[in-house]
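To keep things clear, I will list the structure first and then write my remarks on it.
The values are calculated or read from the model by the stated rules, or taken from the named source; none is laboratory data. Keep in mind that what you see is a predicted model, and the values were worked out from it rather than measured. Note that each Cβ is placed from the backbone with ideal geometry, even for glycine, and that neighbours are counted across all protein chains shown.
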Amino acid sequence: MAERNQAAHVVLLPSPGVGHLIPFVELAKRLVIHHNLTATIITFSDFSTSKAQRSILSSLPFGVSYVSLPSVPIDDLLTEGNNASFRLSLIMPHYVPSIRHLLLNLHKTTPIAAYVIDLFGGDIVSIANDLCIPKYLFFTSNFFFLAFQHHSITLSGISEKLELPGCFPLGRDTLSLYLGEETSSLNAKLARTQEVVDGILVNSFETLEEGYSQLAKDRKIPVWLVGPLTRVGSGSDFKKDAIFTWLDQQPIGSVLFVSFGSGGTLSFEQTQELALGLEMSKQRFLWVLHPPFDADTHVLTHGAIGGFLSHCGWNSTLESIVCGVPMIAWPLYAEQPINAEMLVKGVKVALRPIVGEDGVMRKEAVANVVKELMEGEGGKEVRNRIRVMMKEAAKAMEQEGPSSKSLANIANLWKMTKLD
(Lines give C-alpha, C1' and ligand atoms only; values in the text may rest on other atoms or scores of the structure.)
Protein backbone atom coordinates (compact mmCIF):
# COMPACT_ATOMS: atom_id res chain seq x y z
CA MET A 1 0.00 0.00 0.00
CA ALA A 2 1.24 3.55 -0.79
CA GLU A 3 2.04 5.89 2.10
CA ARG A 4 -1.10 7.86 3.00
CA ASN A 5 0.80 11.16 3.22
CA GLN A 6 2.17 10.73 -0.28
CA ALA A 7 0.24 12.60 -2.96
CA ALA A 8 -1.46 10.50 -5.60
CA HIS A 9 0.72 10.41 -8.69
CA VAL A 10 -0.54 10.55 -12.27
CA VAL A 11 1.46 9.75 -15.41
CA LEU A 12 0.41 11.47 -18.62
CA LEU A 13 1.43 10.47 -22.15
CA PRO A 14 0.56 12.96 -24.90
CA SER A 15 1.41 12.10 -28.49
CA PRO A 16 4.37 13.92 -30.08
CA GLY A 17 3.71 17.52 -31.03
CA VAL A 18 3.18 20.81 -29.22
CA GLY A 19 -0.54 20.80 -30.02
CA HIS A 20 -0.95 17.57 -28.05
CA LEU A 21 1.43 18.61 -25.27
CA ILE A 22 -0.22 21.93 -24.35
CA PRO A 23 -3.59 20.59 -23.09
CA PHE A 24 -1.84 17.76 -21.23
CA VAL A 25 0.36 20.30 -19.46
CA GLU A 26 -2.68 22.41 -18.58
CA LEU A 27 -4.45 19.32 -17.23
CA ALA A 28 -1.41 18.36 -15.14
CA LYS A 29 -1.13 21.89 -13.75
CA ARG A 30 -4.75 21.92 -12.59
CA LEU A 31 -4.42 18.49 -11.00
CA VAL A 32 -1.36 19.60 -9.06
CA ILE A 33 -2.32 23.18 -8.16
CA HIS A 34 -6.02 22.67 -7.41
CA HIS A 35 -6.17 19.03 -6.29
CA ASN A 36 -2.79 18.33 -4.64
CA LEU A 37 -1.76 15.51 -6.95
CA THR A 38 1.67 15.11 -8.51
CA ALA A 39 2.25 14.37 -12.17
CA THR A 40 4.86 13.11 -14.60
CA ILE A 41 4.53 13.95 -18.30
CA ILE A 42 6.21 11.59 -20.74
CA THR A 43 7.71 13.32 -23.78
CA PHE A 44 9.65 12.13 -26.82
CA SER A 45 13.29 13.10 -27.32
CA ASP A 46 12.81 12.62 -31.07
CA PHE A 47 10.32 15.51 -31.01
CA SER A 48 11.59 17.62 -28.10
CA THR A 49 14.00 19.89 -29.95
CA SER A 50 11.61 22.72 -30.77
CA LYS A 51 11.88 26.02 -28.94
CA ALA A 52 8.16 25.86 -28.22
CA GLN A 53 8.34 22.52 -26.43
CA ARG A 54 11.42 23.54 -24.45
CA SER A 55 9.63 26.70 -23.35
CA ILE A 56 6.55 24.80 -22.19
CA LEU A 57 8.50 22.18 -20.27
CA SER A 58 10.83 24.71 -18.64
CA SER A 59 7.88 26.52 -17.05
CA LEU A 60 6.20 23.55 -15.34
CA PRO A 61 5.15 24.26 -11.74
CA PHE A 62 6.42 22.37 -8.72
CA GLY A 63 4.77 18.96 -8.62
CA VAL A 64 4.80 18.46 -12.39
CA SER A 65 7.87 16.78 -13.85
CA TYR A 66 8.68 15.33 -17.24
CA VAL A 67 10.84 12.58 -18.62
CA SER A 68 11.84 12.09 -22.25
CA LEU A 69 11.80 8.72 -23.98
CA PRO A 70 14.99 7.78 -25.84
CA SER A 71 15.13 7.96 -29.62
CA VAL A 72 13.87 5.06 -31.71
CA PRO A 73 14.34 4.50 -35.47
CA ILE A 74 11.22 6.06 -36.99
CA ASP A 75 12.55 7.91 -40.04
CA ASP A 76 11.18 5.28 -42.42
CA LEU A 77 7.69 5.84 -40.99
CA LEU A 78 7.63 9.58 -41.67
CA THR A 79 6.78 9.41 -45.35
CA GLU A 80 5.32 12.45 -47.04
CA GLY A 81 2.26 10.57 -48.25
CA ASN A 82 0.93 9.80 -44.77
CA ASN A 83 -1.27 12.36 -43.05
CA ALA A 84 -0.35 13.54 -39.56
CA SER A 85 -2.83 11.31 -37.73
CA PHE A 86 -1.78 8.20 -39.64
CA ARG A 87 1.90 8.94 -38.94
CA LEU A 88 1.19 9.15 -35.21
CA SER A 89 -0.60 5.80 -35.29
CA LEU A 90 2.50 4.26 -36.89
CA ILE A 91 4.98 5.93 -34.57
CA MET A 92 3.51 5.22 -31.14
CA PRO A 93 3.88 1.40 -31.11
CA HIS A 94 7.65 1.77 -31.53
CA TYR A 95 7.90 3.40 -28.11
CA VAL A 96 6.13 0.61 -26.22
CA PRO A 97 9.33 -1.06 -24.88
CA SER A 98 10.72 2.27 -23.62
CA ILE A 99 7.42 3.23 -21.99
CA ARG A 100 7.12 -0.19 -20.34
CA HIS A 101 10.62 0.16 -18.87
CA LEU A 102 9.90 3.69 -17.65
CA LEU A 103 6.58 2.82 -16.01
CA LEU A 104 7.99 -0.28 -14.32
CA ASN A 105 10.78 1.75 -12.72
CA LEU A 106 8.54 4.66 -11.79
CA HIS A 107 5.84 2.44 -10.30
CA LYS A 108 8.40 0.83 -7.97
CA THR A 109 9.29 4.16 -6.34
CA THR A 110 6.16 6.25 -6.93
CA PRO A 111 3.00 4.15 -7.13
CA ILE A 112 0.90 5.40 -10.04
CA ALA A 113 -2.76 6.18 -9.30
CA ALA A 114 -3.71 6.74 -12.93
CA TYR A 115 -2.18 6.55 -16.38
CA VAL A 116 -3.55 9.09 -18.88
CA ILE A 117 -3.05 8.66 -22.62
CA ASP A 118 -4.38 10.42 -25.67
CA LEU A 119 -6.20 8.79 -28.54
CA PHE A 120 -3.00 7.55 -30.17
CA GLY A 121 -1.80 5.76 -27.04
CA GLY A 122 -3.94 2.65 -27.41
CA ASP A 123 -0.90 0.45 -28.01
CA ILE A 124 0.34 1.38 -24.54
CA VAL A 125 -2.78 0.28 -22.63
CA SER A 126 -1.50 -3.27 -22.16
CA ILE A 127 1.36 -1.95 -20.02
CA ALA A 128 -1.09 -0.33 -17.60
CA ASN A 129 -3.08 -3.56 -17.50
CA ASP A 130 0.04 -5.56 -16.64
CA LEU A 131 0.80 -3.19 -13.76
CA CYS A 132 -2.86 -2.98 -12.64
CA ILE A 133 -2.84 0.79 -13.13
CA PRO A 134 -6.18 2.45 -13.99
CA LYS A 135 -5.93 3.95 -17.48
CA TYR A 136 -7.78 6.96 -18.84
CA LEU A 137 -8.08 8.70 -22.17
CA PHE A 138 -7.69 12.46 -22.33
CA PHE A 139 -9.18 13.57 -25.64
CA THR A 140 -7.72 16.97 -26.47
CA SER A 141 -10.41 17.83 -29.02
CA ASN A 142 -14.21 17.95 -28.65
CA PHE A 143 -16.67 15.28 -27.59
CA PHE A 144 -18.65 15.57 -30.82
CA PHE A 145 -15.67 14.37 -32.87
CA LEU A 146 -14.99 11.59 -30.38
CA ALA A 147 -18.60 10.45 -30.77
CA PHE A 148 -18.40 10.72 -34.55
CA GLN A 149 -15.28 8.57 -34.58
CA HIS A 150 -16.99 6.02 -32.37
CA HIS A 151 -20.01 5.83 -34.70
CA SER A 152 -18.10 6.04 -37.99
CA ILE A 153 -16.85 2.45 -37.77
CA THR A 154 -20.43 1.25 -38.25
CA LEU A 155 -20.91 3.21 -41.49
CA SER A 156 -20.80 0.93 -44.52
CA GLY A 157 -20.34 3.77 -47.00
CA ILE A 158 -20.78 7.45 -47.59
CA SER A 159 -24.38 8.39 -46.89
CA GLU A 160 -26.05 11.71 -47.60
CA LYS A 161 -25.74 12.69 -43.95
CA LEU A 162 -24.99 11.44 -40.46
CA GLU A 163 -26.98 12.83 -37.56
CA LEU A 164 -25.94 11.81 -34.07
CA PRO A 165 -28.55 12.09 -31.29
CA GLY A 166 -29.04 15.69 -30.24
CA CYS A 167 -26.49 17.00 -32.75
CA PHE A 168 -26.44 18.84 -36.07
CA PRO A 169 -26.13 16.65 -39.20
CA LEU A 170 -22.85 16.06 -41.02
CA GLY A 171 -23.28 16.26 -44.79
CA ARG A 172 -21.84 14.05 -47.49
CA ASP A 173 -18.97 16.41 -48.33
CA THR A 174 -17.63 16.28 -44.78
CA LEU A 175 -18.28 12.56 -44.30
CA SER A 176 -16.35 11.70 -47.45
CA LEU A 177 -13.16 13.09 -45.88
CA TYR A 178 -13.25 10.42 -43.17
CA LEU A 179 -14.52 7.29 -44.87
CA GLY A 180 -11.68 6.41 -47.22
CA GLU A 181 -9.97 3.05 -46.71
CA GLU A 182 -6.92 4.41 -44.86
CA THR A 183 -8.92 6.85 -42.74
CA SER A 184 -11.61 4.29 -41.90
CA SER A 185 -8.95 1.84 -40.74
CA LEU A 186 -7.38 4.51 -38.55
CA ASN A 187 -10.76 5.55 -37.12
CA ALA A 188 -11.51 1.94 -36.23
CA LYS A 189 -8.20 1.62 -34.38
CA LEU A 190 -8.69 4.89 -32.51
CA ALA A 191 -12.30 4.03 -31.69
CA ARG A 192 -11.10 0.81 -30.05
CA THR A 193 -8.92 2.88 -27.74
CA GLN A 194 -12.09 4.49 -26.40
CA GLU A 195 -13.35 1.06 -25.34
CA VAL A 196 -10.29 -0.21 -23.43
CA VAL A 197 -9.88 2.60 -20.90
CA ASP A 198 -11.57 3.14 -17.54
CA GLY A 199 -12.82 6.63 -18.36
CA ILE A 200 -12.53 9.49 -20.83
CA LEU A 201 -11.69 13.13 -20.13
CA VAL A 202 -12.52 15.64 -22.88
CA ASN A 203 -11.16 19.16 -23.32
CA SER A 204 -14.54 20.79 -23.80
CA PHE A 205 -17.53 22.02 -21.78
CA GLU A 206 -21.21 21.12 -21.67
CA THR A 207 -22.73 24.22 -23.24
CA LEU A 208 -20.47 23.79 -26.26
CA GLU A 209 -21.49 20.15 -26.74
CA GLU A 210 -25.20 20.11 -27.53
CA GLY A 211 -25.40 16.33 -27.85
CA TYR A 212 -23.24 15.48 -24.85
CA SER A 213 -25.98 14.44 -22.42
CA GLN A 214 -27.60 12.06 -24.92
CA LEU A 215 -24.39 10.60 -26.34
CA ALA A 216 -22.53 10.21 -23.05
CA LYS A 217 -25.28 8.20 -21.36
CA ASP A 218 -24.99 5.53 -24.06
CA ARG A 219 -21.33 4.92 -23.20
CA LYS A 220 -20.27 1.90 -21.18
CA ILE A 221 -17.53 3.94 -19.52
CA PRO A 222 -17.79 7.39 -17.91
CA VAL A 223 -17.05 10.54 -19.92
CA TRP A 224 -16.15 13.84 -18.24
CA LEU A 225 -15.92 17.25 -19.88
CA VAL A 226 -13.09 19.10 -18.09
CA GLY A 227 -12.38 22.08 -20.35
CA PRO A 228 -11.67 24.55 -21.64
CA LEU A 229 -8.03 23.89 -20.71
CA THR A 230 -6.04 26.59 -22.53
CA ARG A 231 -2.93 28.72 -22.12
CA VAL A 232 -4.93 31.97 -22.16
CA GLY A 233 -3.62 34.19 -19.38
CA SER A 234 -0.20 32.51 -19.07
CA GLY A 235 2.83 34.78 -19.10
CA SER A 236 4.99 35.32 -22.17
CA ASP A 237 7.47 37.75 -23.72
CA PHE A 238 5.49 37.57 -26.95
CA LYS A 239 3.61 40.78 -26.11
CA LYS A 240 6.86 42.71 -26.39
CA ASP A 241 6.85 41.96 -30.10
CA ALA A 242 6.36 44.74 -32.67
CA ILE A 243 3.02 43.13 -33.53
CA PHE A 244 1.57 44.52 -30.32
CA THR A 245 2.95 47.96 -30.99
CA TRP A 246 0.91 47.96 -34.20
CA LEU A 247 -2.18 46.45 -32.56
CA ASP A 248 -2.11 49.11 -29.86
CA GLN A 249 -2.64 51.73 -32.57
CA GLN A 250 -5.75 50.08 -34.09
CA PRO A 251 -9.41 50.72 -33.15
CA ILE A 252 -11.12 48.27 -30.81
CA GLY A 253 -12.39 45.14 -32.60
CA SER A 254 -11.16 46.30 -36.02
CA VAL A 255 -8.49 43.70 -36.86
CA LEU A 256 -8.92 40.22 -38.34
CA PHE A 257 -6.29 37.82 -37.01
CA VAL A 258 -5.21 35.21 -39.56
CA SER A 259 -3.30 32.13 -38.40
CA PHE A 260 -3.23 28.49 -39.48
CA GLY A 261 -1.25 27.27 -36.49
CA SER A 262 2.28 25.94 -36.39
CA GLY A 263 1.53 23.02 -38.75
CA GLY A 264 -0.90 24.56 -41.22
CA THR A 265 0.19 25.17 -44.81
CA LEU A 266 -1.60 26.39 -47.93
CA SER A 267 -0.77 25.85 -51.59
CA PHE A 268 0.84 28.74 -53.45
CA GLU A 269 -2.40 29.35 -55.35
CA GLN A 270 -4.51 29.37 -52.19
CA THR A 271 -2.05 31.64 -50.40
CA GLN A 272 -2.24 34.09 -53.27
CA GLU A 273 -6.05 34.04 -53.32
CA LEU A 274 -6.20 34.55 -49.57
CA ALA A 275 -3.82 37.51 -49.73
CA LEU A 276 -5.77 39.14 -52.57
CA GLY A 277 -9.06 38.51 -50.80
CA LEU A 278 -7.85 40.07 -47.57
CA GLU A 279 -6.72 43.12 -49.51
CA MET A 280 -10.02 43.26 -51.42
CA SER A 281 -12.02 43.19 -48.17
CA LYS A 282 -10.51 46.55 -47.13
CA GLN A 283 -10.41 45.34 -43.53
CA ARG A 284 -7.44 45.59 -41.18
CA PHE A 285 -5.76 42.22 -40.74
CA LEU A 286 -2.81 40.61 -39.01
CA TRP A 287 -1.56 37.47 -40.76
CA VAL A 288 1.01 35.55 -38.75
CA LEU A 289 3.06 33.07 -40.78
CA HIS A 290 4.82 30.26 -38.88
CA PRO A 291 3.64 31.67 -35.55
CA PRO A 292 5.26 30.98 -32.17
CA PHE A 293 3.31 28.31 -30.31
CA ASP A 294 1.65 30.91 -28.06
CA ALA A 295 0.95 33.57 -30.70
CA ASP A 296 -2.77 32.80 -30.91
CA THR A 297 -3.16 32.92 -27.14
CA HIS A 298 -1.75 36.42 -26.78
CA VAL A 299 -2.97 38.06 -29.96
CA LEU A 300 -6.55 36.95 -29.29
CA THR A 301 -6.57 38.74 -25.93
CA HIS A 302 -5.84 42.11 -27.52
CA GLY A 303 -8.79 44.48 -27.71
CA ALA A 304 -8.10 45.39 -31.35
CA ILE A 305 -8.86 41.85 -32.51
CA GLY A 306 -12.39 41.54 -33.86
CA GLY A 307 -12.20 38.24 -35.73
CA PHE A 308 -10.08 35.14 -36.19
CA LEU A 309 -9.56 33.32 -39.49
CA SER A 310 -8.51 29.94 -38.15
CA HIS A 311 -7.67 26.39 -39.22
CA CYS A 312 -10.06 25.20 -36.49
CA GLY A 313 -7.47 23.29 -34.51
CA TRP A 314 -9.10 22.63 -31.16
CA ASN A 315 -6.55 24.51 -29.04
CA SER A 316 -7.01 27.62 -31.20
CA THR A 317 -10.78 27.17 -31.20
CA LEU A 318 -10.99 27.07 -27.41
CA GLU A 319 -8.67 30.06 -27.12
CA SER A 320 -10.92 32.03 -29.49
CA ILE A 321 -14.02 31.09 -27.48
CA VAL A 322 -12.38 31.93 -24.15
CA CYS A 323 -11.38 35.33 -25.56
CA GLY A 324 -14.79 35.93 -27.15
CA VAL A 325 -13.48 36.33 -30.71
CA PRO A 326 -15.77 35.17 -33.57
CA MET A 327 -14.21 33.02 -36.26
CA ILE A 328 -13.92 32.35 -39.95
CA ALA A 329 -13.56 28.59 -40.26
CA TRP A 330 -10.82 27.43 -42.66
CA PRO A 331 -10.10 23.78 -41.77
CA LEU A 332 -7.09 21.96 -43.20
CA TYR A 333 -6.71 18.38 -41.90
CA ALA A 334 -7.41 15.80 -39.16
CA GLU A 335 -10.55 16.61 -37.17
CA GLN A 336 -10.58 20.25 -38.30
CA PRO A 337 -13.32 19.88 -40.98
CA ILE A 338 -15.69 18.44 -38.36
CA ASN A 339 -14.64 21.12 -35.89
CA ALA A 340 -15.56 23.69 -38.54
CA GLU A 341 -18.98 22.12 -39.06
CA MET A 342 -19.56 22.18 -35.32
CA LEU A 343 -18.57 25.85 -35.06
CA VAL A 344 -20.62 26.99 -38.06
CA LYS A 345 -23.73 24.77 -37.88
CA GLY A 346 -23.81 23.61 -34.28
CA VAL A 347 -22.49 26.34 -32.00
CA LYS A 348 -22.90 29.14 -34.58
CA VAL A 349 -19.80 31.10 -33.58
CA ALA A 350 -18.13 31.05 -37.01
CA LEU A 351 -18.72 31.85 -40.66
CA ARG A 352 -17.23 29.89 -43.55
CA PRO A 353 -16.13 31.01 -47.04
CA ILE A 354 -17.56 29.39 -50.14
CA VAL A 355 -15.18 26.83 -51.64
CA GLY A 356 -14.79 26.69 -55.42
CA GLU A 357 -15.37 23.51 -57.42
CA ASP A 358 -11.60 23.07 -57.65
CA GLY A 359 -11.28 23.18 -53.86
CA VAL A 360 -9.77 26.66 -53.83
CA MET A 361 -11.36 29.58 -52.00
CA ARG A 362 -11.14 32.47 -54.44
CA LYS A 363 -10.35 36.05 -53.49
CA GLU A 364 -13.97 37.14 -53.93
CA ALA A 365 -15.17 34.47 -51.48
CA VAL A 366 -12.47 35.47 -49.01
CA ALA A 367 -13.33 39.16 -49.27
CA ASN A 368 -17.04 38.48 -48.85
CA VAL A 369 -16.72 36.36 -45.73
CA VAL A 370 -14.20 38.74 -44.14
CA LYS A 371 -16.47 41.76 -44.72
CA GLU A 372 -19.46 39.81 -43.43
CA LEU A 373 -17.67 38.85 -40.22
CA MET A 374 -16.24 42.28 -39.52
CA GLU A 375 -19.18 44.51 -40.47
CA GLY A 376 -22.16 42.43 -41.69
CA GLU A 377 -25.29 41.07 -40.03
CA GLY A 378 -23.88 37.55 -40.03
CA GLY A 379 -20.87 38.84 -38.15
CA LYS A 380 -23.09 40.47 -35.53
CA GLU A 381 -24.92 37.20 -34.97
CA VAL A 382 -21.80 35.07 -34.45
CA ARG A 383 -20.25 37.83 -32.33
CA ASN A 384 -23.26 37.83 -30.02
CA ARG A 385 -23.23 34.05 -29.92
CA ILE A 386 -19.55 33.77 -29.04
CA ARG A 387 -19.96 36.25 -26.21
CA VAL A 388 -22.49 33.85 -24.74
CA MET A 389 -20.04 30.97 -25.18
CA MET A 390 -17.23 33.01 -23.61
CA LYS A 391 -19.32 33.48 -20.47
CA GLU A 392 -20.27 29.80 -20.42
CA ALA A 393 -16.61 28.79 -20.79
CA ALA A 394 -15.69 30.94 -17.80
CA LYS A 395 -18.57 29.49 -15.75
CA ALA A 396 -17.46 25.95 -16.60
CA MET A 397 -14.06 26.56 -15.02
CA GLU A 398 -15.29 28.34 -11.89
CA GLN A 399 -14.87 26.38 -8.66
CA GLU A 400 -18.49 25.20 -8.75
CA GLY A 401 -18.64 25.05 -12.55
CA PRO A 402 -19.41 21.71 -14.25
CA SER A 403 -15.93 21.20 -15.72
CA SER A 404 -14.17 22.03 -12.45
CA LYS A 405 -16.49 19.73 -10.51
CA SER A 406 -15.89 16.93 -13.00
CA LEU A 407 -12.14 17.28 -12.64
CA ALA A 408 -12.48 17.37 -8.86
CA ASN A 409 -14.44 14.11 -8.97
CA ILE A 410 -11.75 12.51 -11.12
CA ALA A 411 -8.98 13.74 -8.83
CA ASN A 412 -10.78 12.34 -5.79
CA LEU A 413 -11.23 9.03 -7.59
CA TRP A 414 -7.50 8.86 -8.26
CA LYS A 415 -6.69 9.76 -4.67
CA MET A 416 -8.83 6.85 -3.51
CA THR A 417 -7.12 4.56 -6.01
CA LYS A 418 -3.76 5.49 -4.52
CA LEU A 419 -4.93 4.34 -1.08
CA ASP A 420 -6.22 0.93 -2.24
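Would you check if Arg100 is over 29 Å from Val232 (Cα atoms), among the charged types (D, E, K, R) and either surrounded by fewer than 16 Cβ atoms within 10 Å (Cβ to Cβ) or without any contact (Cβ under 8 Å) to a residue 40 or more places away in the chain (or both)? Spelling it out, Arg100 is indeed over 29 Å from Val232 (Cα atoms), among the charged types (D, E, K, R) and either surrounded by fewer than 16 Cβ atoms within 10 Å (Cβ to Cβ) or without any contact (Cβ under 8 Å) to a residue 40 or more places away in the chain (or both). The requirement of being within 22 Å of Phe139 (Cα to Cα) and not assigned by TED's automatic domain parsing to the domain that holds Leu164 is fulfilled somewhere in region 264-271, by at least one residue. Count of region 389-407 residues, restricted to those that are more than 21 Å from the chain's Cα centre (by Cα) and not charged (D, E, K, R), is 1.
Restricting Val360, Val382, Val369 to residues that are surrounded by fewer than 22 Cβ atoms within 10 Å (Cβ to Cβ), over 23 Å from Tyr136 (Cα atoms) and either among the aliphatic types (A, V, I, L, M) or free of Cβ contacts under 8 Å to residues at least 24 places away in the same chain (or both) narrows the list to Val360. Within region 269-278, restricting attention to residues that are touching a residue at least 12 places away in the same chain (Cβ under 8 Å) and not aliphatic (A, V, I, L, M), the residue that is farthest from Lys363 (Cα to Cα) is Glu269. Annotation: Ala8 fulfils all but one of (1) modelled with pLDDT under 95; (2) surrounded by 22 or more Cβ atoms within 10 Å (Cβ to Cβ); (3) hydrophobic (A, V, I, L, M, F, W, C); (4) out of contact with any Lys or Arg (no Cβ under 9 Å at 6 or more places or on another chain); the unmet one is (4).
Give me the residue from region 36-61 that is under 25 Å from Pro111 (Cα atoms) and buried (at least 18 other Cβ atoms within 10 Å of the Cβ) and, out of that set, modelled with the lowest pLDDT. Looking at the filtered set, the residue picked out is Phe44.
On the basis of being at pLDDT 80 or above and either out of contact with any Phe, Trp or Tyr (no Cβ under 6 Å at 6 or more places or on another chain) or part of a loop (DSSP other than H, G, I, E, B) (or both), does Ser213 make the cut?
Values: at pLDDT 80 or above: no; either out of contact with any Phe, Trp or Tyr (no Cβ under 6 Å at 6 or more places or on another chain) or part of a loop (DSSP other than H, G, I, E, B) (or both): yes.
No; evaluated as a whole, the condition is false for this residue.
For the residues Val360, Val322, the requirement of being more than 16 Å from the chain's Cα centre (by Cα) and among the hydrophobic types (A, V, I, L, M, F, W, C) singles out Val360. Just checking, does region 167-175 include any residue being crowded, with 21+ Cβ neighbours inside 10 Å and either without any contact (Cβ under 8 Å) to a residue 24 or more places away in the chain or over 23 Å from the mean Cα position of the chain (by Cα) (or both)? Yes, there is a match, as at least one residue in region 167-175 is crowded, with 21+ Cβ neighbours inside 10 Å and either without any contact (Cβ under 8 Å) to a residue 24 or more places away in the chain or over 23 Å from the mean Cα position of the chain (by Cα) (or both).
Of all the residues in region 221-250, those that are modelled with pLDDT of 85 or more and either assigned to a loop (DSSP other than H, G, I, E, B) or farther than 19 Å from Ser141 by Cβ (or both) number 16.
Check region 337-356 and report whether any residue there is of a type in the set (Asp, Glu) and under 26 Å from Leu162 (Cβ atoms). Yes: region 337-356 contains one or more residues that are of a type in the set (Asp, Glu) and under 26 Å from Leu162 (Cβ atoms).
Each residue in region 388-411 was checked for being in contact (Cβ under 8 Å) with a residue 12 or more places away in the chain, surrounded by fewer than 16 Cβ atoms within 10 Å (Cβ to Cβ) and of a type in the set (S, T, N, Q), and 1 of them qualify.
Scanning region 286-330 for residues that are of a type in the set (Phe, Trp, Tyr), touching an Asp or Glu at 6+ places or on another chain (Cβ under 9 Å) and touching a residue at least 60 places away in the same chain (Cβ under 8 Å) yields one hit, Trp314. Filtering region 86-118 to residues that are in contact with a Ser or Thr (Cβ under 6 Å, 6 or more places away or on another chain) and over 30 Å from Ala334 (Cβ atoms) leaves only Ala113. Thr297 meets each of the listed conditions (1) assigned to a helix (DSSP H, G or I); (2) in contact with a Phe, Trp or Tyr (Cβ under 7 Å, 6 or more places away or on another chain); (3) β-branched (Val, Ile, Thr) apart from (2).
Quick check: is even one residue across region 229-248 closer than 30 Å to Lys51 by Cβ, under 22 Å from the mean Cα position of the chain (by Cα) and aromatic (Phe, Trp, Tyr)? Yes, region 229-248 has at least one match. Can you find a residue that is within 14 Å of Phe120 (Cα to Cα) and either assigned to a helix (DSSP H, G or I) or among the small types (Gly, Ala, Ser) (or both) anywhere in region 22-39? Yes, region 22-39 has at least one match. Filtered by the rule that a residue be buried (at least 19 other Cβ atoms within 10 Å of the Cβ) and either at pLDDT below 95 or touching a strand residue (DSSP E or B) at 6+ places or on another chain (Cβ under 9 Å) (or both), region 347-357 gives Val349, Ala350, Leu351, Arg352, Pro353.
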